[in-house]
Structure formats: structure tokens, C-alpha cells
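Have a look at the structure below before the remarks.
The values are calculated or read from the model by the stated rules, or taken from the named source; none is laboratory data. On a predicted model such as this, the values are computed, not experimentally measured, just so you know. Quick reminder, even Gly has a Cβ in these numbers, built from the backbone with ideal geometry, and neighbours come from all protein chains shown.
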Amino acid sequence: MRRGILPIVGLTVADVARVACPRKPIEVAPRIDVFRRRAVGRRIVDVRRAGKRVLVVLDTDDAIVFEPRMTGLVLIADPPDATYLRIRIGLEPDAGGGETPRELWFWDRRGLGNVRLLSATEQAAAFGPPRLGPDALSITLDELRAHLCQSRRPIKVALLDQRALAGVGNLYASEMLHRAAIHPARPCDRLRAGQWSRLHAALGEVLREAIAHEGSTLSDGTYRNALNQAGGYQNCHRVYDRENEPCPACRTARIRRIVQAQRATFFCPKCQRAPR
């Protein structure tokens, strides 16, 4: 999502408006008139990521923070439909002209996301420790072990704890654990050194591949990239949403589905042996 909206860097915010939506309203803070007063006329200098959030950084060091959660999309193309539009940000082109985005949209089908304008101080408080752990794309092996190895929680559940490790979603946790040959129910404090090493390698591999394929668009079609196009990583899934299909690694066992912390988990019972 971050990579898709990078073309807005260098543009100026011309307007910020809530879009009339018949669905559940989302949180927008501060109040829209205050939001507009602080953002309009400011130049966009960067697009960053804090865990699963996208930060559009202004030349005042304020940042427009989009938190998509389950079904939110940040778009520079026309949205899937107008029903679930929440926020429109008008953009002015840079002095060089040319083809640049004219609008930035936040679209959210279920209304679980939020949009906030935060100062630099508020960003540090919201996205620094202990609120947010090290980023999954840059965490070291030693940091990964230090943050999780004393927990008695199942490793799949622990991977989703953004306070311990930022940026891992449910789908990708299943894929990482299959690649690392670790059962999702194994307690963190029972992982061996070699398993931690494999998991650390799988973290980076899966996330970088998913970024290269612009995410996963599942059967509900909800996820789209910033240009309102389907992602491609769903075609690379080894286990997620593949219940009862043959495991692509061992080719003998079939993928199973269990529920952990109210989230679906997929794994191979042969490649990922259950803890004893």
C-alpha cells in the first residue's frame, strides 16, 4: 500500500473532506475542520509505514495516518465503488506538471479503520515502544527471540501481537510458519534455536514476496492495491485458504484449518509436527 501511493510525494494537500457514507462511520481525528486547517496547503514530503499503518508525512512533520485494519484501502485511483468511501484528500500537482495523482481516497467496507492527523510527538507516542514492536522487515534474529522466546503463547498468536512484532498479518503468519516448518500451536518458549533461525528467514522472505506481488486478494475481492487492482500473492500461498489441498512441500498430507484467537490458521500436519 505504501509503495503504491509514493507518487503523491511532492504534491500539496488542496482539500480534506469526509465523504457522505450510509454505512458505519469511521473514526476521523481531529475534527474535520481542524484536520483541514492543519493539512491544507502543506506539502507531502514522505510516505512511511508503521506496522500496518500508512503515514503520509507533511512538511510540518504532521502525518496523516491511515489505519486500514481488515478492509480499508488507501487509493490514488477510482475506488471499487462509492458506497464505502470515507475520506477524500484533494492534491495539487507539483510545479513540474505531468501526470500526478489528483486525489487520495480512503475506502473501508466494514468501517473498522480510522484516519488521524498526528503531530511528530503524537506519532512517537503512538508508534514507538511499548505500543509497537520492531518492524518485521527489519527485525534481527536476536530481537525476534528476545521479544517472543519467553512467551507461553502459541507462536502463531504471538506473531500477530503488534506490540512484540509490527507488521505481520494473519494470512502471512500461516505462510511463514509453514515455510519454517513450525506448528502454529507450538508455544514460543519451546522453540529451538534452529526453529527461530528458520522463522526469522521466513519472515523476510514471505513479506518481501508479498510486497513484490502487491498483496493478496482473496475470494471476497476486498483487498486492492493503490490503483484499485487485485494483488497477486494469493497465487503463491502454500497453505492459507487451501484447506484439504495437498501440501506443496511434502505432497502427501493435506492442509488443515484450525482457529486460534478467533483467526483462521492453515498448516500441514506432516511438515509442521504438532508439539508433544
* Asked: Based on what the data block shows, is R43 surrounded by fewer than 20 Cβ atoms within 10 Å (Cβ to Cβ), of a type in the set (D, E, K, R) and not assigned by TED's automatic domain parsing to the domain that holds L207?
  -> yes
* Mind listing whichever residues of the range 197-236 are of a type in the set (D, E) and either in contact (Cβ under 8 Å) with a residue 24 or more places away in the chain or part of a helix (DSSP H, G or I) (or both)? => E205, E209, E214
* Structure fact -> By residue number, the members of the range 93-118 that are surrounded by fewer than 15 Cβ atoms within 10 Å (Cβ to Cβ) and among the charged types (D, E, K, R) are D94, E99, R102, R110
* **Scope the range 217-274; condition under 19 Å from the mean Cα position of the chain (by Cα), of a type in the set (D, E, K, R) and buried (at least 16 other Cβ atoms within 10 Å of the Cβ); matching residues** => R224, D241
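For every residue, the table says whether it meets (1) touching a helix residue (DSSP H, G or I) at 6+ places or on another chain (Cβ under 9 Å); (2) of a type in the set (G, A, S); (3) surrounded by 13 or more Cβ atoms within 10 Å (Cβ to Cβ); (4) modelled with pLDDT under 95.
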| residue | (1), (2), (3), (4) |
| --- | --- |
| V13 | yes, no, yes, no |
| F35 | no, no, yes, no |
| D81 | no, no, no, yes |
| L91 | yes, no, yes, no |
* Consider only pairs whose beta carbons are under 8 Å apart and that are at least six residues apart or on different chains; among these, list those whose first residue lies in the range 64-86 and is closer than 21 Å to A14 by Cα and whose second residue is of a type in the set (D, E, K, R) and modelled with pLDDT under 90. => L73/R224; L75/R224
